[in-house]
Amino acid sequence: MENCVFCKIINKELPSYTVYEDENVIALLDINPKVKGHTLVIPKGHEANFSHLTADQARHLFLTTQKVLKALLSTESLAQGANILINQDQIAGQTEMHVHAHIIPRTHKNNFGLNFNHSSSLSLSHEQFQNIAKEISENLK
Ligand code: AMP
Ligand code: ZN
């Protein structure tokens, strides 16, 4: 896809710090790392969003994400845990419109701020939980 940074990297028109590549996916260091080892895993076929991927593309993306995660975890100074993140569309912070998964290594020393703050959770009634669950499950295809 023209003007897509990740397609250009995949086609070797732009450089990258590649850590893994096969016929389906490429994994490379994020050029603006949130922490040391911040890696992107990118399917080679251009699709804007995670929701557009075929089952096969999603499988390759997740299996490669797990593979790279394991490599990161094998170096304790780099990762003792990690956040795996896919931003779906601009409203969720997606800036590069070619689907990619972020692997953001976490250590006791890095202070990446992604935090699920349980004290700010919504307070929903039993009926609200039921309605939301029903709405989602009815739309599953
Ligand atoms: P997102 O907000 O999920 O769309 O994230 C896009 C990510 O791509 C950002 O973290 C950018 O730093 C990263 N990025 C943009 N251009 C490049 C590049 N040429 N090489 C590596 N990472 C990039
Ligand atoms: Zn692309």
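Close contacts from region 49-71, counting a first residue that is surrounded by 17 or more Cβ atoms within 10 Å (Cβ to Cβ) and a second that is polar (S, T, N, Q), with Cβ to Cβ under 8 Å and a gap of 6+ residues or different chains, come to Phe50/Gln88; Gln57/Asn24; His60/Asn24; Thr64/Asn24; Val68/Thr39. For region 1-31, a residue qualifies if it is more than 18 Å from Ile84 (Cβ to Cβ), part of a loop (DSSP other than H, G, I, E, B) and within 12 Å of ligand 1 (Cβ to nearest atom), and the qualifying residues are Cys4, Glu13, Leu14, Pro15, Ser16, Tyr17, Ile31.
For every residue, the table says whether it meets (1) assigned to a loop (DSSP other than H, G, I, E, B); (2) under 20 Å from the mean Cα position of the chain (by Cα); (3) away from ligand 2 (no atom under 16 Å from the Cβ); (4) under 22 Å from Ile31 (Cα atoms).
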residue	(1), (2), (3), (4)
Leu78	yes, yes, yes, yes
Asn83	no, yes, yes, yes
Asn87	yes, yes, no, yes
Glu96	yes, yes, no, yes
Pro105	no, yes, yes, yes
Lys109	yes, no, yes, yes
Leu114	yes, yes, yes, yes
Ala133	no, no, yes, no
Lys141	yes, no, yes, no
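Restricting attention to region 1-50, and to residues there that are away from ligand 2 (no atom under 16 Å from the Cβ) and touching a Pro at 6+ places or on another chain (Cβ under 9 Å), which single residue is farthest from Lys109 (Cα to Cα)? In this case the residue turns out to be Thr39. When Gln66 is tested against (1) farther than 17 Å from Thr95 by Cβ; (2) among the polar types (S, T, N, Q); (3) in a loop (DSSP other than H, G, I, E, B), just one condition goes unmet, and that condition is (3). Pairing residues of region 4-21 that are free of Cβ contacts under 8 Å to residues at least 12 places away in the same chain and more than 21 Å from Gln94 (Cβ to Cβ) with residues that are outside any helix (DSSP H, G or I) and away from ligand 2 (no atom under 14 Å from the Cβ), at Cβ distances under 9 Å and at least 6 apart in sequence or on separate chains, gives Thr18/Ala27; Thr18/Leu29; Glu21/Ala27.
Say whether the condition of being within 12 Å of ligand 1 (Cβ to nearest atom), closer than 12 Å to His98 by Cβ, over 14 Å from the mean Cα position of the chain (by Cα) and in contact (Cβ under 8 Å) with a residue 60 or more places away in the chain is met by at least one residue in region 36-44. No, region 36-44 contains no residue that is within 12 Å of ligand 1 (Cβ to nearest atom), closer than 12 Å to His98 by Cβ, over 14 Å from the mean Cα position of the chain (by Cα) and in contact (Cβ under 8 Å) with a residue 60 or more places away in the chain.
The single condition among (1) touching a residue at least 12 places away in the same chain (Cβ under 8 Å); (2) farther than 21 Å from Asn11 by Cα that His102 does not meet is (2).
No lab work stands behind these numbers, since they all come straight from the coordinates. All values reported here derive from a predicted model rather than from experimental measurement. Counting neighbours? That spans all protein chains shown, and the Cβs are built from the backbone with ideal geometry, glycine included.
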